[in-house]
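> I am attaching a structure below and will ask some questions about it afterwards.
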Amino acid sequence: MPVMAIYERQDVSSELYNQYRELVPLDAAPPGALVHAYAREGSGFVTVDLWETRASLDRFIAQRVKPACRTLGVEFVAPRILEVETFRATPGATVQKHLLPFEELATA
């Protein structure tokens with residue numbers, strides 16, 4: 001069953017998030033990843049990820065997220081995880097139209 005992982009951190013700056021993205025880049029989707037969305041909120045951020053299965057999410061956290069957090073000296077905070085009951089990508093949801101690098105969003 002697909003799952004949604006919701007990460008919310010108020011203690012992670014834009015600079016630290018960009019350092020994390022250097023260690024865990026978005027250019028190659030990990031196995032099982034469906035959607036990644038990121039937004040700034042105050043001094044922190046909210047990220048929502050959709051995964052094909054809980055096992056694929058757990059594998060990504062163990063192999064990529066936790067090691068990156070250790071490298072950066074940041075405590076790993078587990079996401080809130082929900083089972084997805086409905087997932088629909090609309091025809092307007094295209095990579096060409098909506099995929100923006102973080103730098104563009106931060107200065108917009």
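Read-outs throughout are calculated quantities, based only on the coordinates presented, and are distinct from any laboratory measurement. This is a predicted model, so every value here is computed, not measured.
> How big is the stretch 3-88 by Rg and Dmax over its Cα atoms, in Å?
Both quantities, over Cα of the stretch 3-88: 12.5, 37 Å.
> Roughly speaking, what is the stretch gain from ALA62 to PHE76, that is 0.36 nm per residue apart minus the C-alpha to C-alpha distance, in nm to one decimal?
The span from ALA62 to PHE76 would gain 4.0 nm if fully extended.
> Between GLU52 and GLN10, what length comes free when the chain is fully extended (0.36 nm per residue of separation minus the Cα-Cα distance, one decimal in nm)? Before the final figure, lay out the partial values.
Working: separation 42, 0.36 × 42 = 15.12 nm, distance 2.74 nm.
Between GLU52 and GLN10, full extension yields 12.4 nm more.
> Turning to a different aspect of this structure: Along its principal axes, what span do the Cα atoms of the stretch 1-50 show, with the longest given first and each in whole Å?
Cα extents, longest axis first: 33, 21, 12 Å.
> Would you pull out the residues with amide H under 5 Å of VAL24's amide H, same chain only if 5 or more places away, H placed 1.01 Å from N?
none
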